[in-house]
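This report concerns only the one structure given below.
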Amino acid sequence: MAEVIKAVLTGGPCGGKTTALKYVSQRLKDCGVPVITVEEFAARLMNEGKTPQNMGRYEFHKLLFEMELNETAKKIRLAEAMDCERVVILFDRGLLDSRVYVTEEEFARYSALHSLNEDIIRNSYDAVFHLVTAANGAEEYYNLKNNAVRSESPEEAKRLDDETLAVWTGTEHLRIIDNSTSFDKKLDRLVNEILAVLGIPEPLEIERKFLIEYPDIKLLNSLKACRRVPITQAYLTTPQEGNFRVRKRGEGSGTLYIKTKKIKISDIKRIETENYISEKEYNAYLADSKNVTGVISKDRYCIACNSTYYELDVYPFWNDKATIEIELLSETQNYKLPDFVSLIREVTFDPEYRNLSLAGKYRNFFNLL
């Protein structure tokens, strides 16, 4: 059975998703990666004369959701049956996109019919790539001509873009592709981000980590594109597998369990491989206490701003400081921290602030939890 990687192209109107779907698909195939594409359904419905206006908003988006859900299941079965190691399913919008166009209650009502909710859906994709609308940063290219069902003004397009980014914030791998370059280079940046998530040519993790003053939690909770994700992770060493980490990410029905192995290349660069495991496997690892070298829990605030996805971690053993991380494509890539954090210093190269070190240092704290 092939490994299936589900990647979503999302964003506001006129962000380049339809063009990107074809371009990325071909580039991945050129790299030897089989790709199955899933095109947007909303335009298909509207071209058939079915609209929110004549069906009603709830019924339109309920139908849209069900069509996307059925098509996703069909494409997953097709991908799993392919004779290869892994397949990428590339979506022009994902199931969560319709949340932007309905109320929270309406979305919960029709997603619950399929035993789904926002957290489950958000975590069901392996990576999400947000293509920022041309109405934000490339205003001269924003138009309604190349999409017969597009009717949004530039102001409306920017609002929808912001709200779309907000609903996807919290997913593990979210990348924002803005309009800081030409459209051709925007597509190339998108491809590079997708290749990085796929581990091509190598599964590298390149991060910078900063020690910051304890954040204003109320402010974080007020940010539109910010979502709290509880995390518990344990570090293990076994004779069979060596050193690795297992992580519980999220809470309730949307919880993910992930196993990660890292090989250090430099203080900033590591080869990282990860795969999902079951709750039963996760609990079994933690139950074998002789192999557990450390456990740490934290609240992670996933924040999308400055065209960057930040991970701000608040730990229960600190009330005066926290950490924030940025994942980069290269060791020399430029970056900017959010204006609302107060930097103490960079700790990328300081082993004392790695999670494994913190887990060991505060071992007694977590033993008492």
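The table for this structure:
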read-out	value
Cα gyration tensor category, rounded, prolate or oblate, for the range 196-291 with a/c compared to 1.5	oblate
Residue order for Arg86, Arg159 - accessible surface, 1.4 angstrom probe, largest first	Arg159, Arg86
Percent carbon-and-sulfur accessible area, the range 295-366, ignoring ligands, DNA and RNA, probe 1.4 Å	46
Value at 222 nm in deg cm²/dmol, rounded to 500, when DSSP H runs of n ≥ 4 in the chain each add -39,500 (n - 2.57)	-9500 deg cm²/dmol
Inter-probe distance in nm under a simple model that places probes 7 Å from Cα toward Cβ, at Thr19 and Glu281	4.1
Heavy-atom accessible area per residue - the range 299-345, 1.4 Å, Å²	46
Inter-site label distance for Met82 and Met1 at 7 Å from Cα along Cβ, in nm	1.7
Built amide H within the under 5 Å cut-off of Cys305, gap 5+	Tyr310
Heavy-atom accessible area per residue - the range 223-282, 1.4 Å, Å²	51
³J(HN,Hα) computed for each position of the range 331-345 - Karplus, 6.51 cos²θ - 1.76 cosθ + 1.60, integer Hz, glycine/proline x	5, 9, 5, 6, 8, 9, 7, x, 5, 8, 9, 10, 6, 8, 5
Surface accessible to a 1.4 Å probe, per residue, for the residues of the range 57-213, Å²	44
Cα-based Rg / Dmax (Å) for the range 111-236	17.7, 56
With every protein chain in place, the range 1-73: carbon and sulfur % of accessible area (1.4 Å)	48
Share of carbon and sulfur in the accessible heavy-atom surface of the range 125-205 [1.4 Å probe, %]	49
Exposure rank, largest accessible area first [Glu327, Glu279; 1.4 Å]	Glu279, Glu327
Under-5 Å amide H pairs with Leu131, H placed in peptide plane, nonlocal only	Thr10, Gly11, Ile177
For the chain, built as a Gaussian network whose Cα springs stay under 10 Å, the top-fluctuating residue of Glu40, Glu272, Glu241	Glu241
The chain: antiparallel DSSP beta bridges as a percent of all, rounded to 5	75
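The values are calculated or read from the model by the stated rules, or taken from the named source; none is laboratory data. Predicted model, so just to flag it, every value in this text is computed and none were measured. For neighbour counting, all protein chains shown are included, and Cβ atoms are generated from backbone atoms with ideal geometry for every residue, glycine included. The protein model used for the area step is the full one, side chains on, heavy atoms only, and it has no ligands, DNA or RNA in it. Shrake-Rupley method; radii C 1.70, N 1.55, O 1.52, S 1.80 Å.
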